[in-house]
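This report refers to the structure that appears directly beneath it.
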């Protein structure tokens, strides 16, 4: 019963099929070492030059690679000319296709699902010469984004966690409940130590951006604060914002390191529940298609992340 409850809490419905483009979302059946038994899909614009960036886009529970379209990432890849990898969970790994962000077997460097996703990045570099890599995801995919940045920090230059959780919050399915809501309140140093213990890496570290709705009762917004504390500590910064303003009408904060570089930022979407922020339309700053757990709040998180990462 508790398993079904967790699945329901992090679930979202299947999303719409990819929109028509010259290129298409395609599966890569064999992409290298796959200890996590994941599927790999990708979108690569026709004629993409070598050296363009790569974004790994991770779906939520019950979703699949088509999340990359509804969230706006596929259309942005076509418009801005970068590549997208869309890892897809299988029901044989998790009944409701959640990435197993709370299992040590899938969140330890070199093992399970994180190792499979790292293999996908390696395959993209071999096939297309993709350069800088980023990761983002919704809910369970957001939690797995935290895992990727902690376990493969030399692979990813930045991450975008949407309605997700800090790395190391849970190591069992039962423990995941309290992480999701109300959330765990550790010190910044305790959170940072979890990242530092994940590898022998000592920098430079990926940047972190967090999107979260204030009315999210599935993954409490308190997790946004804990992610900020975790990654500011990793970067040697404090958890007091250096810049506070608004973006698309919503509170936005930036945290800088000792050298003045922005290393962590937050977008707090007032009144939004559990889901991916989108802004459907044809203007340059618009993207995404509203559906269940993909919410039209007049701000497309994918577009703002693309700007943050200078894609």
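The values are calculated or read from the model by the stated rules, or taken from the named source; none is laboratory data. Just so it is clear, the model here is predicted, and its values are computed rather than measured. Positions of Cβ are backbone-derived with ideal geometry, glycine not excepted, and every protein chain shown enters the neighbour counts.
Worth a mention:
- Yes/no for residue 109 being in a loop (DSSP other than H, G, I, E, B), in contact (Cβ under 8 Å) with a residue 40 or more places away in the chain, under 30 Å from residue 44 (Cα atoms) and more than 14 Å from the chain's Cα centre (by Cα): yes
- Only residues that are over 16 Å from residue 74 (Cβ atoms) and buried (at least 16 other Cβ atoms within 10 Å of the Cβ) were counted in segment 275-295, giving 4.
- Unmet criterion (only one of (1) modelled with pLDDT of 95 or more; (2) touching a strand residue (DSSP E or B) at 6+ places or on another chain (Cβ under 6 Å)) for residue 96: (1)
- Contacts under 7 angstrom Cβ, first residue in segment 61-88 being at positive phi and in contact (Cβ under 8 Å) with a residue 24 or more places away in the chain, partner buried (at least 24 other Cβ atoms within 10 Å of the Cβ) and in a helix (DSSP H, G or I), 6 or more apart: 72/302; 72/303
- Residue check, residue 129 modelled with pLDDT of 95 or more, at positive phi and out of contact with any helix residue (DSSP H, G or I) (no Cβ under 8 Å at 6 or more places or on another chain): yes
- Checked against the criterion of being at negative phi and either buried (at least 22 other Cβ atoms within 10 Å of the Cβ) or without any contact (Cβ under 8 Å) to a residue 24 or more places away in the chain (or both), segment 180-188 has at least one qualifying residue.
- A single entry from 86, 148 fulfils the requirement of being assigned to a helix (DSSP H, G or I) and in contact with a strand residue (DSSP E or B) (Cβ under 9 Å, 6 or more places away or on another chain): 148.
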